[in-house]
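The values are calculated or read from the model by the stated rules, or taken from the named source; none is laboratory data. Just so you know, these numbers come straight off a predicted model, no measurement behind them. With ideal geometry, Cβ positions are generated from the backbone for all residues, glycine too; neighbour counts draw on all protein chains shown. Side chains are part of the model used for accessible areas, which takes the heavy atoms of the whole protein and leaves out ligands, DNA and RNA. Shrake-Rupley method; radii C 1.70, N 1.55, O 1.52, S 1.80 Å.
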Amino acid sequence: MELSKTYNPQEVEKKIYPLWEKSGYFGPNEKADGEPFVIAIPPPNVTGELHMGHALNNTLQDVLVRQKRMEGRPTLWIPGTDHAGIATQYKVEQKLQKEGVSRFDLGREKFVEKVWEWKDQYEATILGQLKKLGVSCDWSRTRFTMDEGYSKAVLTAFKHYWDKGYIYRGERVVNWCPRCHTSLSDLEIEHEEEKTKLYWIKYGPFVLATTRPETKLGDTAVAVHPSDERYRDMVGKKYMIPGVLGEFEITVVADEAVDPAFGSGAIKVTPAHDATDYDISVRHHLPMKQIIDTDGKMMENCGKYVGMTTLEARSAIVADMAEMELIDHIDEGYIHNSSQCYRCHSVIEPIPSLQWFLKMTELVKPAIEAVKSGDIKIIPEQYAGTALHWMENIRDWCISRQIWWGHRLPVWYKQGEISNLKSQISKLENQPSVDDYVVSLESPGEGYAQSEDVLDTWFSSALWPFATLGWPESQENKKLKKQENKATDLERFYPNSINITDRGIINLWEVRMIFSGLEFMGKAPFHTVYINPTVFNREGKRMSKSLGTGIDPLDLIAKYGADATRFGLCYQTTGTPDIKFSEDVLQMAKTFMNKIWNATRFVLMKLDGYEQRGELKFTVNTDADREIQEKFSSLKKFYNDNLEKYRFGQAAEEIYHFFWHQFCDVYIEKTKEQIPFPLPENHDEKLVKDTKDNLLYVLKNCLILLHPIIPFVTEEIYQTLPIDGKKEFLIVEKWTA
RNA sequence: GGGCGGUUAGCUCAGUUGGUUAGAGCGUCUCGUUUACACCGAGAAGGCCGCGGGUUCGAAUCCCCCACCGCCCACCA
């Protein structure tokens, strides 16, 4: 077969991928023994297309998976996608908004239908993109976090926690996104520095500093530090405070949470609309007065300010206070952190509402132990600290969300649900008793209505390493497999081997998989976590579609080919936490693909119709032979060592250097002497034959080593080599250790 | 506010436990059309290894301080 003069990646990629898929080699080899190598893909959100982070993340996974497969281990890479609750719902809402429709216009059922349509479309796009990248997932096992089996797993987990007493419902001040209209967990909040005004307000006998004067309408106390001499005599007393809606009463309390160095050392306490103040109010049994509703607007108890947004109310109230000479002074340019929704970036309003929580303290203990003991190795190791720090300071997890896209809680109410969207004055004591609802996977029967709430999307992602393998397993399935004398997927492939992901979701996802795996399977879900670098653009800025700083991996694949894209990404993965992505490297990689291609053309030309027979061996006749043999053997050592340590960049650089500057520049040049052209009458037949074998030997073994990184071009070339006893595909060639 | 990471050639980065003249790719310059490849070959220029101290016979590498950039965590209102 004749190879064209330049390598055409698009043609080859289109041809090769379907052949691999049909071969069945992407699935685990049933005959292979040895410890299975298993990865569950970090499921991309069905919110849109893949970005550079995905391209890198999946390339690295594929490198490992392909290498282990060639080592002969049973290998399984499970693909799938994540329903991504709030994020996807937000996307669909935006799309509807362009058509002038809100989710409330459609109603829950119709809206959810729309989201399923969206999901079908983007799931197909994403899986297609992964294939273009060349990843070797077992597509027959593709999962979705809301497919039937997976949903059952999610509800089973909820029921398990409930039965164990780990889940409770309660009214708390939670992070509320007024745009998404839902609660959020602490991890779903982003903090951004912001310049604002610090208002020093006259407050009865106090002057105190606040950034949110509008919350004065919900104040029930003033807090000071217990050791603060200035206010010692006032603690425990009640005062009437003049306000824009008339006088109101506050209690002075002493609490450690107050920083005496801030402002005047006294702070106003708004239990309903600030997490710190809420905690203080619980400690001191202070009344709670809600003044902001779920739209982020002032409630009926706010007199003339009713219906205003908090920002509108702020300026109105400040103006009125100024008129009443209640403003002492205002500091401009005060810098503080504003809390935002991690999906739509609206400002978070803390508000009281009825939510479901998962108790974390006990759950997280074995996970802390697993990370500390090294049962789970986190690489690079500095990230173990990130996980440990979070787990050691963990708070209960708010797992209920007031959106429509997701797993509805397996909670059934007898008399209709008491809304968690209360916009009335809160009454902590007014919680429903357990008798009012039943937790059950199935409807308990007539007269019961299922909870309107859905679960935090991360509640389901936390189960990914085992739910994708069929947990919770039915007894029937187990029996069936036993009759066939086979193990179930869950038995064979849990725990996974490694999880590769981005540092941004170490606590959001990684930690939650770890404690879930330990809780439900009794074993850590994987023994290694590898945190891949984050891809930034050349200026070191986050790649973002909306900022126009993003690069579409598909464009790169179209321009340089999938192999060059993969090689370029690996090459830049050198162990640093960031990659400032350089397209030059992809051009270099593309040139390298062409070099490999042309070296092959040369070797085939030198072979001149020679068909290798028997075991392919390397024979040393000359100094050049000896040199390349030595260099190759040291390459193998360092290459394997670097892959073992996830030093992808160093591995790529080494084989690049060997192939180009040793094999091509030196050895191939030498073979022009060892196999002279034209061949003279009296040529050394043994030397000529041995040199042909040597060329084939080095080339073939380089292809093997290169294949995990650049699968397409190596496969295409492998198919053309006249080697005896060749495998059907390079994918399953024996690894060169 | 706490923690972590980065700072090496014009650009993107290596530099494994401290040890001769600090390396690669891209870019630049010079030369070269041989049986693969001009997406090629041979060669060259280019670096107070962020700043300032310290340890050492010897520091890009170990310690301390500072600066700038980035990330994670956080109930300073």
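Annotations for the structure displayed:
- Scan of segment A:577-588 for residues that are within 6 Å of RNA strand B (Cβ to nearest atom) and under 20 Å from A:Glu13 (Cα atoms), ordered by number: A:Met588
- Checking A:Glu733 against (1) among the acidic types (Asp, Glu); (2) touching a His at 6+ places or on another chain (Cβ under 9 Å); (3) within 15 Å of RNA strand B (Cβ to nearest atom), the condition it does not meet: (3)
- A single member of A:Val511, A:Val535 is in contact with a helix residue (DSSP H, G or I) (Cβ under 8 Å, 6 or more places away or on another chain), over 17 Å from A:Asn57 (Cβ atoms) and within 11 Å of RNA strand B (Cβ to nearest atom), and it is A:Val511.
- Any hit, segment A:362-385, residues being surrounded by 12 or more Cβ atoms within 10 Å (Cβ to Cβ), within 30 Å of A:Gly263 (Cα to Cα) and more than 16 Å from RNA strand B (Cβ to nearest atom): no
- Members of segment A:563-576 found to be near RNA strand B (Cβ under 7 Å from one of its atoms) and either in contact with a strand residue (DSSP E or B) (Cβ under 7 Å, 6 or more places away or on another chain) or free of Cβ contacts under 8 Å to residues at least 40 places away in the same chain (or both), listed by number: A:Gln572
- Residues that are within 7 Å of RNA strand B (Cβ to nearest atom) and open to solvent by less than 10 Å² (accessible area, probe 1.4 Å) within segment A:594-608 comprise just one, A:Ala599.
- Filtered residue count, segment A:152-189, keeping only those that are open to solvent by 30 Å² or more (accessible area, probe 1.4 Å) and either among the β-branched types (Val, Ile, Thr) or under 21 Å from the mean Cα position of the chain (by Cα) (or both): 3
- The conditions of being in a helix (DSSP H, G or I) and in contact with a strand residue (DSSP E or B) (Cβ under 6 Å, 6 or more places away or on another chain) are met by A:Asp277.
- Of the residues making up segment A:619-671, those that are in contact (Cβ under 8 Å) with a residue 12 or more places away in the chain and not in a helix (DSSP H, G or I) are A:Thr619, A:Asn621, A:Thr622, A:Tyr646, A:Arg647.
- When A:Ala599, A:Ala558 are screened for being among the small types (Gly, Ala, Ser) and closer than 21 Å to A:Leu706 by Cβ, only A:Ala599 passes.
- Cβ pairs under 8 Å, 6+ apart, first in segment A:89-114 and of a type in the set (Gly, Ala, Ser), second part of a helix (DSSP H, G or I): A:Ser102/A:Glu93; A:Ser102/A:Leu96
- Residues considered: A:Glu2, A:Glu30. Of these, the only one that is at pLDDT below 95, assigned to a loop (DSSP other than H, G, I, E, B) and either under 15 Å from A:Lys132 (Cβ atoms) or more than 16 Å from RNA strand B (Cβ to nearest atom) (or both) is A:Glu30.
- Of everything listed in (1) more than 23 Å from A:Ser140 (Cβ to Cβ); (2) within 16 Å of RNA strand B (Cβ to nearest atom); (3) in contact with a helix residue (DSSP H, G or I) (Cβ under 6 Å, 6 or more places away or on another chain), the single unmet condition for A:Glu13 is (1).
- Residues (open to solvent by 10 Å² or more (accessible area, probe 1.4 Å) and touching a helix residue (DSSP H, G or I) at 6+ places or on another chain (Cβ under 6 Å)) located in segment A:50-81: A:Leu50
- Residue check, A:Glu30 more than 28 Å from A:Ile717 (Cβ to Cβ) and touching a Ser or Thr at 6+ places or on another chain (Cβ under 8 Å): no
- Some residue of segment A:121-131 being open to solvent by 10 Å² or more (accessible area, probe 1.4 Å) and in contact with a helix residue (DSSP H, G or I) (Cβ under 7 Å, 6 or more places away or on another chain): yes
- Residues that are over 36 Å from the mean Cα position of the chain (by Cα), basic (Lys, Arg), part of a strand (DSSP E or B) and under 20 Å from A:Trp200 (Cα atoms) are absent from segment A:229-242.
- Of all residues in segment A:154-178, those that are part of a strand (DSSP E or B) and among the β-branched types (Val, Ile, Thr) total 3.
- Selection of segment A:225-276 for residues being within 9 Å of RNA strand B (Cβ to nearest atom) and free of Cβ contacts under 8 Å to residues at least 12 places away in the same chain yields only A:Ala261.
- Each residue in segment A:674-694 was checked for being among the charged types (D, E, K, R) and surrounded by fewer than 11 Cβ atoms within 10 Å (Cβ to Cβ), and 3 pass.
- If you go through segment A:309-350 and keep only what is part of a loop (DSSP other than H, G, I, E, B), open to solvent by 50 Å² or more (accessible area, probe 1.4 Å) and within 28 Å of A:Ile403 (Cα to Cα), you end up with A:Arg343, A:His345.
- Qualifying residue in segment A:673-684 (condition: over 27 Å from A:Pro722 (Cβ atoms) and more than 7 Å from RNA strand B (Cβ to nearest atom)): no
- Screening A:Trp412, A:Trp405, A:Trp458 for residues that are modelled with pLDDT of 85 or more, assigned to a helix (DSSP H, G or I) and open to solvent by less than 40 Å² (accessible area, probe 1.4 Å) leaves exactly one candidate, A:Trp458.
- Exclusive hit being closer than 28 Å to A:Pro18 by Cβ and among the charged types (D, E, K, R), set A:Glu673, A:Glu728, A:Glu681, A:Glu653: A:Glu728
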